[in-house]
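Visitor: Could you have a look at this structure, given as structure tokens, before my questions?
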Amino acid sequence: MSAAHLLRHFRKLRSLHNALDCERSGLVRYFSTSSGSFPTKGNGAEKRIGGARFPQRKQPGKELETSKLSLGLNGSYTCRRSPNNFIPSTITGLNGSLSCGQIASARSFSSSADLPPHQEIGMPSLSPTMTEGNIARWLKKEGDKVSPGEVLCEVETDKATVEMECMEEGYLAKIIHGDGSKEIKVGEIIAVTVEEEGDIKKFKDYKPSTLAAPVAPSELKAQSEPTEPKVEEREPSKASEPKAPRTEEPSRSGDRIFSSPLARKLAEDNNVPLSNVKGTGPDGRILKADIEDYLAKGCRKEALAAPGLSYTDVPNAQIRKVTANRLLSSKQTIPHYYLTVDTRVDNLIKLRGELNPLQESSGGKKISINDLVIKAAALALRKVPQCNSSWMNDFIRQYHNVNINVAVQTEHGLFVPVIRDADKKGLGMIAEEVKQLAQRARDNSLKPDDYEGGTFTISNLGGPFGIKQFCAIINPPQSAILAIGSAERRVIPGSANGQYEFGSFMSATMSCDHRVIDGAIGAEFLKAFKGYIENPTSIYTGN
């Protein structure tokens, strides 16, 4: 082969490399704005996706211009574009598509020349299990100026109500979902901001584009895997197959119905014909959430009341739905067993009576029996670490931190704020944290750091409600929960023959995951716990 051939082939390969060059195996597809495949027109415009800017300027004389993008998906990408007013419209990498629910905002432009540059703010993913959220209330109204760090609105997630902050300066031009809006999918547009105050009135009748449908986190894994190409092998002739009556066919393309693997599996498990389900994904693709909505609507239709009954349907808050699903899963998948011990608490009550005057004189919070129980359980977990563990299928994870979740019942639902490193904290600090977290739970203002990361849970129905004894449901992925009953006075044999005395006893029942905690290990924990309760001075020494 001649030198000229080699040089020509080398240049072709280099051009191919430049066109496909993107760090971390990212793939960028380019479309011309003149083709109409991307809703952006005009020069000097920019597109922001998750905090990245795409300048759009004509620069003759340059083959490719390199832009550094920070996508918030574990790193940055380097992409190249050509001068012919081309812009990247789709970016996918090792962690899936940019249409995922973690992306909360997008700098967008309408195909209409009447709309100026604006930013669409989507429902953010504020917890690992969040697929949809509710707008509790807007703290800003349309037309207000917003600055970085200011709170835009309060979002009710599957765990708590979280404040959503503004990421950059501008003006709130349009609120798509107002106060009290419910079941908004992660990634769905909730508001629009603009840079110039004079542009606000242009968004009075603005409606978000439906080109990019929101994607729930549960669908990310399925969609990040290679999906079946639409031009794949055709199904055999269906002339001889009986066809069920179809009410609507929103997700069909030709003779096929497109759906995610999770949606197909859920539909098969519940005998749901996909032809009856309206898809909300791209091109009408049926997602897992669509099947769940179909099932929920079907259940509501079937749940008819008997004639003559008077009733009120109380809508379920997001926290109650999540609690119900988690507890149902816990009882169905975790082999529970229960151990109960009665502990004498006379010395514990006496110690509390001695400590509280000291707390009051120093300006501290009063110490409750529950605070002493938390400390005793934390020390017992340090002594029996097998109970401070989680089942991970292939192994058992034993935690080095003792983080105690404390169940708090509120009018909004059941919350379990966490006391971190409870074995290392004093009683005064535990009492202070418990009261602060309980108040935040009642105000529905807990943040994710306030309830995530627990390794063991305590539920006390004795002190507040006088329940003598009960069995609690394990809070996954933990392997145990301690249920505390009320203290009651009993007549017990005295030190001398024929003599009797009174003693106060408290019942404690431990629910254990038998995959992690054997019976003898659970009994060993309760023995250590009882020792700290009946001899509370050992709480200070930790012995």
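Visitor: Looking only at the stretch 511-526, which residues are part of a helix (DSSP H, G or I) and in contact (Cβ under 8 Å) with a residue 40 or more places away in the chain? First the steps, then the outcome.
Guide: Residues of the stretch 511-526 that are part of a helix (DSSP H, G or I), as a first pass: 519-526.
Within the stretch 511-526, Gly519, Ile521, Gly522, Ala523, Glu524, Phe525, Leu526 meet the criteria.
Visitor: Being surrounded by fewer than 22 Cβ atoms within 10 Å (Cβ to Cβ) and touching a strand residue (DSSP E or B) at 6+ places or on another chain (Cβ under 6 Å) is the filter; apply it to the stretch 370-390 and report the residue that is farthest from Ser538 (Cα to Cα).
Guide: Looking at residues that are surrounded by fewer than 22 Cβ atoms within 10 Å (Cβ to Cβ) and touching a strand residue (DSSP E or B) at 6+ places or on another chain (Cβ under 6 Å), I get Ser390.
Visitor: Looking at the stretch 313-322, is at least one residue more than 21 Å from Ala441 (Cβ to Cβ) and open to solvent by 50 Å² or more (accessible area, probe 1.4 Å)?
Guide: Filtering the stretch 313-322 for residues more than 21 Å from Ala441 (Cβ to Cβ) gives 313.
Restricting the remaining residues to those that are open to solvent by 50 Å² or more (accessible area, probe 1.4 Å) gives 313.
So far as the stretch 313-322 goes, yes, one or more of its residues are more than 21 Å from Ala441 (Cβ to Cβ) and open to solvent by 50 Å² or more (accessible area, probe 1.4 Å).
Visitor: Say we look at the stretch 395-412 and pick out the residues that are at pLDDT below 95 and farther than 15 Å from Val434 by Cα; which of these is most open to solvent (accessible area, probe 1.4 Å)?
Guide: Here the residue is Glu411.
Visitor: Separate question: Please go through the stretch 130-149 and pick out each residue that is among the aliphatic types (A, V, I, L, M) and either open to solvent by 40 Å² or more (accessible area, probe 1.4 Å) or assigned to a loop (DSSP other than H, G, I, E, B) (or both).
Guide: As a first pass, look at the stretch 130-149 and keep what is among the aliphatic types (A, V, I, L, M): 130, 135-136, 139, 146.
Passing the criteria: Met130, Ala136, Leu139.
Visitor: Could you list, in sequence order, the residues of the stretch 391-430 that are out of contact with any strand residue (DSSP E or B) (no Cβ under 9 Å at 6 or more places or on another chain) and closer than 29 Å to Asn316 by Cβ?
Guide: Result: Thr410, Glu411, Gly413.
Visitor: Within the set of pairs 6 or more residues apart or between chains, which connect a residue that is closer than 22 Å to Phe525 by Cα inside the stretch 330-343 to a residue that is small (Gly, Ala, Ser) and assigned to a loop (DSSP other than H, G, I, E, B) with Cβ atoms less than 9 Å apart?
Guide: Sorted first by the residue in the stretch 330-343, then by its partner, the pairs are Ile334/Ser479.
Visitor: What number of residues in the stretch 465-474 are open to solvent by 30 Å² or more (accessible area, probe 1.4 Å) and either without any contact (Cβ under 8 Å) to a residue 24 or more places away in the chain or within 11 Å of Ser511 (Cα to Cα) (or both)?
Guide: Restricting attention to the stretch 465-474, the residues satisfying the condition of being open to solvent by 30 Å² or more (accessible area, probe 1.4 Å) are 465-471, 473.
Among the residues that remain, those that are also either without any contact (Cβ under 8 Å) to a residue 24 or more places away in the chain or within 11 Å of Ser511 (Cα to Cα) (or both) are: 465-467, 470-471, 473.
Adding up the residues that qualify gives 6.
Visitor: When you look at Arg352, is it closer than 26 Å to Asp518 by Cβ, outside any loop (DSSP other than H, G, I, E, B), modelled with pLDDT under 95 and not β-branched (Val, Ile, Thr), yes or no?
Guide: Numbers: closer than 26 Å to Asp518 by Cβ: no; outside any loop (DSSP other than H, G, I, E, B): yes; modelled with pLDDT under 95: yes; not β-branched (Val, Ile, Thr): yes.
In short, no.
Visitor: Working only within the stretch 165-185, note down all residues that are among the aliphatic types (A, V, I, L, M), without any contact (Cβ under 8 Å) to a residue 60 or more places away in the chain and assigned to a strand (DSSP E or B).
Guide: Here is the first cut: in the stretch 165-185, the residues among the aliphatic types (A, V, I, L, M) are 167, 172-173, 175-176, 184.
With without any contact (Cβ under 8 Å) to a residue 60 or more places away in the chain added as a condition, the list becomes 172-173, 175-176.
Passing the criteria: Leu172, Ala173, Ile175.
Visitor: Residue check, Asp449 against (1) open to solvent by 70 Å² or more (accessible area, probe 1.4 Å); (2) in a strand (DSSP E or B); (3) under 30 Å from Glu156 (Cα atoms), all met but one. Which one?
Guide: If we test Asp449 against (1) open to solvent by 70 Å² or more (accessible area, probe 1.4 Å); (2) in a strand (DSSP E or B); (3) under 30 Å from Glu156 (Cα atoms), just (2) comes out false.
Visitor: Let me ask something additional. If I ask for residues that are touching an Asp or Glu at 6+ places or on another chain (Cβ under 9 Å), open to solvent by 70 Å² or more (accessible area, probe 1.4 Å) and among the small types (Gly, Ala, Ser), which ones from the stretch 482-535 would you list?
Guide: Ser495
Visitor: Residues that are within 23 Å of Thr410 (Cβ to Cβ) and outside any loop (DSSP other than H, G, I, E, B): does the stretch 298-312 have at least one?
Guide: Here is the first cut: in the stretch 298-312, the ones within 23 Å of Thr410 (Cβ to Cβ) are 312.
Retained after the next criterion (residues that are outside any loop (DSSP other than H, G, I, E, B)): none.
For the stretch 298-312, residues within 23 Å of Thr410 (Cβ to Cβ) and outside any loop (DSSP other than H, G, I, E, B): absent.
Visitor: Buried (at least 21 other Cβ atoms within 10 Å of the Cβ), at pLDDT 85 or above and closer than 30 Å to Arg264 by Cα: is that true of Ile184 in this structure? Before the answer, list the steps.
Guide: Details: buried (at least 21 other Cβ atoms within 10 Å of the Cβ): no; at pLDDT 85 or above: yes; closer than 30 Å to Arg264 by Cα: yes.
Judged against the criteria, Ile184 is not a match.
Visitor: Please go through (1) closer than 24 Å to Ile184 by Cα; (2) assigned by the TED database to the domain that holds Gly485; (3) of a type outside the set (A, V, I, L, M, F, W, C); (4) touching a Leu at 6+ places or on another chain (Cβ under 9 Å) for Arg326 and return the number of the only condition it doesn't satisfy.
Guide: (4)
The values are calculated or read from the model by the stated rules, or taken from the named source; none is laboratory data. The model shown is predicted, which means the values in this text are computed figures rather than measured ones. Positions of Cβ are backbone-derived with ideal geometry, glycine not excepted, and every protein chain shown enters the neighbour counts. Note: accessible area is taken over every heavy atom of the protein model, side chains too, but ligands, DNA and RNA are not part of it. Shrake-Rupley method; radii C 1.70, N 1.55, O 1.52, S 1.80 Å.
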